[in-house]
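This report concerns only the one structure given below.
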Amino acid sequence: MLSRSIPLLLALAGAVAAQTPRILTNRAAGQELLKLPKEEDTFGFVVFGDRTGGPVEGIKVLDQAVRDTNLLDPDLVLTVGDLINGYNTTAPWMAQAEEYRASMSKLRMPWYPVAGNHDVYWRGPNKPRGEHEGHYEEVFGPLWYAVRHKDCWFVVLYSDEGDPKTGEKNFSKPNCQRMSDEQFDWLKETLKAAKRDKHVFVFLHHPRWLSQYGDDWQKVHKALAANGNVRAVFAGHIHYMGFSGVRDGIEYYTVASVGAHLGMEAPDAGFLHQYHVVTVRPEGIKVAAIPVGGVMDPQDITDEMAREALSVHRSLKPRVRSLDPAGRGPAISVDGAVDAVATIEFENVGSRAIDLEVIPQDGMPWRFGPDHQHLVVPPKSKGQTTFAVQRAASELPFSLPELEVRCDYLAKQRRVALPVRSMKLQLPAPAGLEKVASKHPGVLVLDGRSCLRLDSGDVALPNGPITLECWCNGDDFSGRRGMVTKTESSEFGIFCSDGVLDFSVYLGKGYVTARSDGAVLKPGKWHHVAGVFDGKEVRLYLDGDVIARTPGSGRRRSNRLPLLIGADVDRSGNATSYFTGKLDEVRLSKSVRYTKDSFKPAAKHKADKNTVLLLDCDRMVGPWAIDRSPTKSHPTRVGQAYCTIAKRR
């Protein structure tokens with residue numbers, strides 16, 4: 001009884017499966033927007049191009065193609081010939097064949113070879129009849145054959161039988177590029193056997209349909225077209241990718257290379273290492289070309305690696321460790337002349353090594369030598385390289401030179417190219433810049449996209465009391481605006497967002513802020529602004545009067561971000577929330593300048609032993625604003641910030 005019940009149970013199970021909807025949801029609306037994919041039998045296969053004729057490292061290209069293909073997981077792989085360099089005798093031929101088979105053995109699916117001229121041509125004494133044909137069939141398989149898979153046929157042809165009269169093998173002679181009666185009769189019988197199947201695909205080495213191979217292919221094409229189900233023909237040999245169009249419903253493709261020599265490196269013109277990926281459906285095929293190495297294993301890209309690569313990219317900045325004069329004079333003169341050897345340092349914050357190519361943007365008035373340097377920086381380390389740097393004294397505006405930095409992150413499984421960065425080389429300011437006199441009073445002009453920058457290491461500010469002050473005249477206070485800041489969950493800064501003035505200092509576990517009650521800054525008017533932290537409270541002054549105070553004590557939390565004059569700083573050290581207008585007499589002090597609730601602001605600030613930064617904004621020399629304080633820090637221009645002759649009114 002049980003045995004009789006089995007067919008019935010299977011039938012019921014099939015009926016239930018057939019009645020089960022293909023879209024399941026408990027939502028009343030919207031499911032009609034979900035289109036169902038096709039359920040017909042679909043599969044894919046991959047076609048490799050030539051391996052031979054390329055450099056020794058071409059076998060590494062083949063290895064990468066194998067890794068790519070294993071990720072794509074097609075049903076099968078076919079080649080189009082020239083598996084080995086060949087053109088030799090038995091011993092080297094066998095060694096090369098084993099090398100190729102070793103690479104292909106790593107495929108997780110079956111692969112089927114095609115014989116090319118490099119695989120069968122003999123060079124040397126004692127040439128046997130058929131040259132290396134016997135070796136090929138011994139190691140790789142039949143010279144022509146067909147394989148059936150999922151109602152499709154894969155037909156492999158041999159395009160190097162040679163001259164039928166002399167036996168000569170020479171792909172440059174049409175007489176040597178003819179199909180024998182034996183192979184042609186076999187092809188006709190094979191096509192007859194495959195006539196009722198869905199699709200037929202044909203593979204050979206030489207693209208015999210091209211004119212340089214004579215006219216023998218015409219009879220072959222006629223037989224293929226008559227069968228009615230031949231979809232595509234694939235060949236190799238010419239080492240570039242080409243599509244010869246559709247003839248009688250048959251698509252003709254030439255595959256480029258998986259390690260072979262390329263006539264030029266021009267991927268968009270078909271000269272590249274690549275393979276074809278073919279998707280087969282009952283109604284037809286789709287063919288795509290993928291560059292070797294273009295397939296990524298998502299399991300190689302761990303969360304940690306992606307985050308670290310981003311961190312390495314963001315932190316990668318050149319730092320001039322030293323600038324040694326090449327002659328008797330200073331490394332950089334006030335007149336713009338430069339003659340020095342720059343030692344440039346890069347820091348790798350990641351846990352993997354990075355490979356850098358540093359390329360100075362050479363051109364008038366700058367000259368560098370050499371034109372580039374390579375540098376590998378180990379994990380969690382710093383690396384240095386050097387360049388000779390020259391610039392003649394000139395009236396041209398002194399702008400800092402630029403470096404192009406190309407960085408490869410050496411991940412465990414692959415070399416990851418990070419975005420190319422162009423960065424200013426922050427050269428130190430000329431010696432004695434603070435002594436350069438200003439003939440006329442001036443102000444710093446900021447356009448809402450510019451500021452001055454002072455690296456954190458140049459801000460000689462110990463923990464303790466501070467005073468930050470300046471004169472300001474804003475053109476537009478709308479939105480978020482930084483005036484003089486070093487804030488990013490740490491440090492201090494003055495803001496004037498929407499005309500509301502505030503001074504913040506990070507003490508202990510958070511900011512202590514003194515903020516005005518509403519908008520107090522008006523566009524087009526000069527104001528003196530000062531923020532003071534005396535160890536007990538944070539005070540904010542406007543035009544000499546206290547307008548806000550907040551109790552606060554503790555140590556300031558420091559950071560390694562730059563001090564920006566005319567903007568706020570983000571966590572990567574970049575400028576944001578720019579000030580628009582004019583600034584003057586910017587002074588930072590490691591002391592309390594103002595203790596009373598009211599004082600008369602000085603028109604010009606003076607420097608003393610407690611002055612950490614003093615910018616009178618009367619003039620700039622090249623990209624540097626002159627710091628009159630004892631620290632001689634001299635901030636650099638970001639964007640179009642400049643000083644112009646003007647008086648505050």
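Here, each number is a calculation from the coordinates, and none is a lab measurement. Bear in mind that the values here come from a model prediction, so they are computed numbers and not experimental data. Ideal geometry is used to build each Cβ from the backbone, glycine not excepted, and the neighbour counts take in all protein chains shown.
The charge dipole of the chain, taken about its Cα centre with unit charges on the Cβ of Lys, Arg, Asp and Glu (plus for the first two, minus for the last two), comes to roughly 2680 debye. Here the 3J(HN,Hα) profile of the stretch 316-327, calculated from phi with Karplus coefficients 6.51, -1.76 and 1.60 at θ = phi - 60°, is 7, 9, x, 10, 7, 7, 7, 9, 8, x, 7, x Hz, Gly and Pro shown as x. With a simple spin-label model that places each label point 7 Å from the Cα along the Cα-to-Cβ direction, the separation between A28 and F243 comes to 4.9 nm. Full extension of the chain between K596 and L410 yields a length gain of 61.1 nm, computed as 0.36 nm times the residue separation minus the alpha carbon distance. Pairs with C-alpha atoms separated by more than 25 Å, drawn from the list K439/K604; K509/K604; K195/K219; K106/K127; K525/K600, are K509/K604; K106/K127. Largest first, the three principal axis extents of the alpha carbons in the stretch 440-508 are 35, 31, 19 Å in whole numbers.
Restricting the stretch 154-199 to GluC sites (Glu not before Pro) that sit in a DSSP loop and have at most 15 other Cβ atoms within 10 Å of their own Cβ leaves E168.
Of the GluC sites (Glu not before Pro) found in the stretch 199-307, those that fall in a DSSP loop while having at most 16 other beta-carbon atoms within 10 Å are E265, E283. One way to sum up the overall shape of the chain is the equivalent ellipsoid from its Cα gyration tensor, whose semi-axes run 74, 34, 20 Å, largest first.
With a Förster radius of 30 Å applied to the C-beta separation of V349 and T386, the computed FRET efficiency comes to 0.85.
The alpha carbon centroids of the stretch 156-223 and the stretch 305-378 are separated by 60 Å.
Relative contact order for the chain: what is it in percent, counting Cα pairs under 8 Å that are at least 6 residues apart? Relative contact order comes out at 9 percent.
The calculated Kirkwood hydrodynamic radius for the stretch 298-424 is 15.8 Å, given to one decimal from all distinct C-alpha pairs.
Here the label points at A269 and E137, each 7 Å from Cα along the C-beta direction, are separated by 4.2 nm in the simple model.
Phi angles across the stretch 26-41 convert, under the Karplus curve 6.51 cos²θ - 1.76 cosθ + 1.60 with θ = phi - 60°, into 3J(HN,Hα) values of 10, 8, 6, 10, x, 5, 5, 7, 8, 8, 7, x, 5, 9, 5, 5 Hz, Gly and Pro given as x. What Kirkwood hydrodynamic radius, in Å, does the stretch 439-645 give when the mean of 1/r is taken over all pairs of distinct Cα atoms and then inverted? The Cα-based Kirkwood calculation yields 16.5 Å.
Among the trypsin sites (Lys or Arg not before Pro) in the stretch 296-387, those placed in a DSSP loop whose Cβ has at most 15 other Cβ atoms within 10 Å are R328, K380.
In plain terms, the chain from R129 to S422 could stretch by 99.3 nm, reckoned as 0.36 nm per residue minus the Cα-Cα distance. Per-residue extension of 0.36 nm, minus the Cα-Cα distance of R196 and Q373, leaves a gain of 57.4 nm for this segment.
In terms of its Cα atoms, the stretch 74-185 spans 41, 34, 21 Å along the principal axes, sorted from long to short. Working from Cα positions, state the angle (0 to 90°, nearest 10) between the long axis of helix 2-19 and the longest principal axis of the chain. Computed tilt is about 50 degrees. Using just its DSSP H runs of length 4 or more, each adding -39500 (n - 2.57), the chain gives a mean residue ellipticity at 222 nm of -4500 deg cm²/dmol after division by all residues.
Residue-normalised convex hull volume from the C-alpha trace of the stretch 149-236: 86 Å³ per residue. Each principal axis of the Cα cloud of the stretch 222-341 was evaluated for its coordinate range; sorted largest first, these ranges are 86, 37, 24 Å. Between the stretch 380-428 and the stretch 520-540, how many Å separate their Cα centres? Answer, in whole Å: 39.
Taking the Cα centre of the stretch 263-374 as origin, sum charge times position over the Cβ atoms of Lys and Arg (+1) and Asp and Glu (-1), and report the length of that vector in debye to the nearest 20.
Rounded to the nearest 20 debye, it is 140 debye.
Computing Rg and the Kirkwood Rh from the Cα coordinates of the stretch 43-291 gives a ratio, Rg/Rh, of 0.94.
In this structure, the amide hydrogen of R556, modeled 1.01 Å from its nitrogen in the peptide plane, lies closer than 5 angstrom to those of G464, counting only residues at least 5 positions away or on a different chain.
Evaluate the charge dipole of the stretch 43-291 about its Cα centre and quote only its size in Debye, nearest 20, assuming +1 on the Cβ of each Lys and Arg and -1 on the Cβ of each Asp and Glu.
Value, rounded to 20: 520 debye.
Ordered by the count of other Cβ atoms within 10 Å of each Cβ, fewest first, W526, W93, W153 give W526, W153, W93. Label positions at K219 and S315, each projected 7 Å from the Cα along the C-beta direction, are separated by 7.2 nm.
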